[in-house]
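The values are calculated or read from the model by the stated rules, or taken from the named source; none is laboratory data. All of these numbers come straight from a predicted model, not from anything done at the bench. Virtual Cβ from ideal backbone geometry, glycine too; neighbours counted across all protein chains shown. Side chains are part of the model used for accessible areas, which takes the heavy atoms of the whole protein and leaves out ligands, DNA and RNA. Shrake-Rupley method; radii C 1.70, N 1.55, O 1.52, S 1.80 Å.
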Amino acid sequence: MEVTTLHIFGIPVDLIGFQGGIIVALLIGIVTAKLDIFFEKKVPEVIRLLVSPLLTTLVSSFLLFMIIGPVGRGLANGITAVLVWMTQHLGVIGYAAFSGVQQLIVITGLHHVFGAIESQLLVDTGRNFLNPLMSVAIIAQGGAVPGYLARNMKDAKAKELCIPSFISVLFGITEPALFGVNLRYRYPLIGGCIGGAIGGAVVYFTDLAALGFGTTVVPGIALADPAHNGYVNYIIAHVIALAAGFLFAFILGIGFDRKKTSDAAANTTAGNGKHSAQIPSETAGSQKIAETNASAGAVQTGQDVLPEEIGAFTSGEFIGIEKVKDPTFAQKILGDGVAIVPSEGKIYAPCDASVEMVMDTKHAVGLRTAAGNGILIHVGIDTVNLQGKYFDVHVTDGQSIRKGDLIMDFDKDKIAVIAK
């Protein structure tokens, strides 16, 4: 197929699409984010709203077609080429490695390349050994789903996720299982990869192959090469991969739950100062202060968050966020959260996290926890108007912080007076 070539500043650029893969998307996402931060700092505020997004889009688009796209596409092709080479030259190790990581390739979107490789194998040899390898990788990830469910039978949400996801896997569709369960809870994904590797070894030792491509798992049995008891071996390989995925996900879940329990216990006893997880239960606080600018609210953003222990970010009187005299927080427009009428002018890290954002006006800090949850710590109401006055922030963008680290100081009394 002839590829159209454009010349940008005299440099030839092939017009080849980047759809179907995530590597290019990740690279351009990172670059665009960095460019946005750069231009937000460099462009004068009077023209920032118009010029900064325009420059970010223009420069990132240029880099996408000139550098990031070709590099990402080359990286994708290189990864798939290495995997296929391993299956052809490393025997059982290559087969096991391919089926072990094949579903990780699905997550990146690179699996679309395999169709062309499979068709070439059929033209050259009449047999397609990649199809059963991908099929056992799929069923192994499917086995990890009931492995997770077996440890969470009392969780109604787990049943809602796992049962339809597993049914989809039987017909070769793994995305619901991968993104809905395995990748989300991590250890089922690892268990599925181990099960896939074991299934790949079975495929190698039984010389299992397909006479076509395009379908896998239950429908895929129709494509199995009947030579050397191919249909029987197809069933055996899939049962073993399914069982291995289930077993390893279940076993890894035991260790994961123990670690989570021990971490939770450590978090419960870790803090013993004013900024520990014990929030003072004083009820004789000044409601006037809570209604003005001396309240501090921590707002958690995102719909589906992973459970983790979050401590208090300051000492004082705990109140429901619905009582904050600001509709943005009270109506939970930014997400659910809590509010504390502070008894001191200090904000501490409520958990181990990285700093994602420090507002120029210093009144708010955005954090990203180890489990991936987003937290916004906002001090006061309408304190953006103070333009940083009476605030002293001790952290910077990208900094890693530990639970209990001091994030900022603020003059609680002066803020309250100005707000009256």
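Observations on the model:
- Residue ranking by accessible heavy-atom surface, 1.4 Å probe, largest first, among L50, L170 comes out as L50, L170.
- Members of K323/K362; K34/K362; K346/K412; K346/K389 lying beyond 18 Å, as alpha-carbon distances in this model show: K323/K362; K34/K362
- Accessible area in the full protein assembly, largest first, 1.4 Å probe, for K157, K34, K403: K34, K157, K403
- Accessible area per residue, Å², region 149-220 with all protein chains present, probe 1.4 Å: 47
- Here the Debye sum runs over all C-alpha atoms of region 31-169 as equal scatterers in vacuum, and log10 of I(q)/I(0) at q = 0.15 Å⁻¹ comes out as -0.86.
- Principal semi-axes of the equivalent ellipsoid, √(5λ) from the alpha carbon gyration tensor of region 315-417, are 20, 17, 13 Å from largest down.
- Pair-distance distribution P(r) for region 168-219, from all Cα-Cα distances in 5 Å bins starting at 0: 5, 17, 19, 26, 19, 11, 4, 0 percent.
- Peptides 197-203, 43-49 ranked from most to least packed give 197-203, 43-49, packing being the mean of other C-beta atoms within 10 angstrom over each peptide's residues.
- Per residue, the accessible area of region 314-420 comes to 46 Å², computed with a 1.4 Å probe over protein heavy atoms only.
- Accessible-area ranking of V101, V217, largest first, probe 1.4 Å: V101, V217
- Placing unit charges on the Cβ atoms of the charged side chains and taking the dipole of region 131-211 about its Cα centre, the candidate lying farthest along the positive direction among G195, M134, A210 is G195.
- √(5λ) per eigenvalue of the Cα gyration tensor, region 171-265, largest first, Å: 32, 14, 8
- At q = 0.11, 0.13, 0.17, 0.21 Å⁻¹, base-10 log of I(q)/I(0) for region 119-204 (Debye sum, equal scatterers on each alpha carbon): -0.33, -0.44, -0.66, -0.89
- Take 225-231, 189-195 and order them by the average number of nearby Cβ atoms within 10 Å per residue, most first; the result is 189-195, 225-231.
- Projected label distance in nm at I251 and N152, using a 7 Å step from Cα toward the beta-carbon: 2.2
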